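Chemist: Structure below; questions to follow.
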Amino acid sequence: QVQLVESGGGLVQPGGSLRLSCVGSGISFRFNAINWYRQAPGKQREFVALINEFDTTNYAASVKGRFTISKDNAKNTVSLQMSNLKPEDTAVYYCHLPQGGRDYWGQGTQVTVSS
């Protein structure tokens with residue numbers, strides 16, 4: 001059974017930093033692309049960042065230069081380092097793994113950027 005568990009969310013002031021983690025079980029991150037998505041209240045879920053099996057990364061324009069996605073295959077973990085956070089980054093952040101025609105999602109972790 002595939003499970004994705006996010007952690008690391010919280011309340012941070014504008015300009016601050018947070019590091020989110022997604023730990024996987026039941027599937028190896030080494031051979032799969034992993035995405036981060038986010039969903040703000042009243043808005044659709046949107047793509048944030050991805051890292052693929054070759055460690056190639058891609059980012060949404062709104063976070064490029066501020067967020068960094070990385071993967072630790074030994075720990076089966078994907079991290080999202082978020083810096084220079086803005087109030088518009090407030091959302092629930094989800095880890096996503098598409099594999100074999102299925103979509104696996106974590107339960108999400110809340111990030112709130114506010115003074």
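The values are calculated or read from the model by the stated rules, or taken from the named source; none is laboratory data. Bear in mind the structure is a predicted one, so any value in this text is a computation, not a measurement. All Cβ positions, glycine included, derive from the backbone under ideal geometry; neighbour counts span all protein chains shown. The area values use the complete protein model at the heavy-atom level, side chains included, leaving out ligands, DNA and RNA. Shrake-Rupley method; radii C 1.70, N 1.55, O 1.52, S 1.80 Å.
Chemist: Once you've got the GNM for the chain with C-alpha springs shorter than 10 Å, pick whichever of 43, 71, 86 has the biggest mean-square fluctuation.
Modeler: 43
Chemist: Counting only heavy atoms of protein chains, what accessible area per residue, in Å², does region 1-106 have with a probe of 1.4 Å?
Modeler: With the other protein chains kept in place, region 1-106 gives 53 Å² per residue.
Chemist: Please compute the modelled spin-label separation between residue 47 and residue 3, points set 7 Å along Cα→Cβ, answer in nm with one decimal.
Modeler: 3.0 nm
Chemist: For a Förster distance of 25 Å, can you work out the FRET efficiency between the beta-carbons of residue 105 and residue 11, rounded to the nearest 0.05?
Modeler: 0.60
Chemist: Divide the volume of the convex hull of the Cα atoms of the chain by its number of residues and quote the answer in cubic angstrom per residue.
Modeler: Convex hull of Cα atoms, per residue: 95 Å³.
Chemist: So, in nm, how far is label residue 112 from label residue 70 when the simple model puts each one 7 Å beyond its Cα toward the Cβ?
Modeler: About 2.9 nm, to one decimal.
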